[in-house]
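Below you'll find the structure, written out as structure tokens, and then a few comments.
The values are calculated or read from the model by the stated rules, or taken from the named source; none is laboratory data. Please read these numbers as outputs of a predicted model, since none were measured by experiment. Reconstructed Cβ throughout: ideal geometry from the backbone, glycine too, with neighbour counts over all protein chains shown.
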Amino acid sequence: MTIYDFKAKTIKGTEKSISDYAGSVLLIVNTASGCGFTPQYEGLQKLYETYHSKGLEILGFPSNQFLEQEPGSDEEIQSFCSLNFGVTFPLFSKTDVRGETANPLFKFLIQQAPFEGFDTAYEMGRKIEDVVRKNYPQNLEGDDIKWNFTKFLVDREGNDISRYESYITPAELNLEIESLL
């Protein structure tokens, strides 16, 4: 099985095969509109504008699994992202990204790129670890997504998948993305 074997429902309600993005570098992100990391939408959009013409696709997957920070409907999410951050990269229907009900694509991603811990050298790494410990201590175990804005970077062949936790900003991925394009 490869990443290209999966399908997902777009935010507009149509089914889309991930294989439609074969040959592109993918940045797959679980997102939320009411999170402290929500301003990362701006950085994701900037990456998209900078690298889309060179082969980058950013795929956003809203999720309401962390402190209910994405309560809106798909239509409300689309409107929020467009109006507040000018998002033009593809967004998908709100989905679960962890646990038994997780979208199969995310189950695959976490198998390919397991959780390696929070980097406490980052102030935000320490803070998010504290938030998870306080609100969802069970999330500290295993490889599942820990919080909103976890990012998975996938090479053009769909093989090499790297994982970046919430506190890693889109701008910090510039060099890695450039090396894959």
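The set of residues from the range 19-34 being more than 25 Å from Leu175 (Cβ to Cβ) and either in contact with an Asp or Glu (Cβ under 6 Å, 6 or more places away or on another chain) or of a type in the set (A, V, I, L, M, F, W, C) (or both) comprises Ala32, Ser33. Is there a residue in the range 45-54 that is part of a strand (DSSP E or B), polar (S, T, N, Q), modelled with pLDDT of 95 or more and surrounded by 14 or more Cβ atoms within 10 Å (Cβ to Cβ)? For the range 45-54, residues part of a strand (DSSP E or B), polar (S, T, N, Q), modelled with pLDDT of 95 or more and surrounded by 14 or more Cβ atoms within 10 Å (Cβ to Cβ): absent. Which of the residues spanning the range 115-136 are part of a helix (DSSP H, G or I) and within 18 Å of Gln69 (Cβ to Cβ)? Result: Met124, Lys127, Ile128, Glu129, Asp130, Val131, Val132, Arg133, Lys134, Asn135. Of everything in the range 73-100 that is free of Cβ contacts under 8 Å to residues at least 24 places away in the same chain and in a loop (DSSP other than H, G, I, E, B), the residue that is nearest to Lys9 (Cα to Cα) is Ser73. Residues in the range 12-44 that are loosely packed, with under 13 Cβ neighbours inside 10 Å, in contact with a strand residue (DSSP E or B) (Cβ under 6 Å, 6 or more places away or on another chain) and of a type outside the set (Gly, Ala, Ser): 1 in all.
Of all residues in the range 3-16, exactly one satisfies the criterion of being part of a strand (DSSP E or B) and of a type in the set (A, V, I, L, M), namely Ala8. Just wondering, is there one or more residues in the range 53-70 that are among the hydrophobic types (A, V, I, L, M, F, W, C) and more than 20 Å from Val154 (Cα to Cα)? Yes, some residue in the range 53-70 is among the hydrophobic types (A, V, I, L, M, F, W, C) and more than 20 Å from Val154 (Cα to Cα).
Scanning the range 138-156 for residues that are over 17 Å from Leu105 (Cβ atoms) and surrounded by fewer than 21 Cβ atoms within 10 Å (Cβ to Cβ) yields a total of 6. Selection over the range 116-137 of residues that are buried (at least 17 other Cβ atoms within 10 Å of the Cβ) and touching a helix residue (DSSP H, G or I) at 6+ places or on another chain (Cβ under 9 Å) gives a count of 3.
Checked against (1) under 19 Å from Pro104 (Cα atoms); (2) of a type outside the set (Asp, Glu); (3) more than 13 Å from the chain's Cα centre (by Cα); (4) buried (at least 17 other Cβ atoms within 10 Å of the Cβ), Lys9 meets all criteria but (4). Scanning the range 146-181 for residues that are under 21 Å from Ala121 (Cβ atoms) and among the aliphatic types (A, V, I, L, M), we see that the one that is farthest from the chain's Cα centre (by Cα) is Leu175. If only one of Tyr164, Tyr122 is modelled with pLDDT of 95 or more and touching a Phe, Trp or Tyr at 6+ places or on another chain (Cβ under 8 Å), which one is it? Answer to the check: Tyr164. Does Tyr21 qualify as being of a type in the set (Phe, Trp, Tyr) and within 14 Å of the chain's Cα centre (by Cα)? Criteria not met by Tyr21. Of the residues making up the range 17-44, those that are farther than 12 Å from Leu91 by Cβ, in a strand (DSSP E or B) and among the polar types (S, T, N, Q) number 1.
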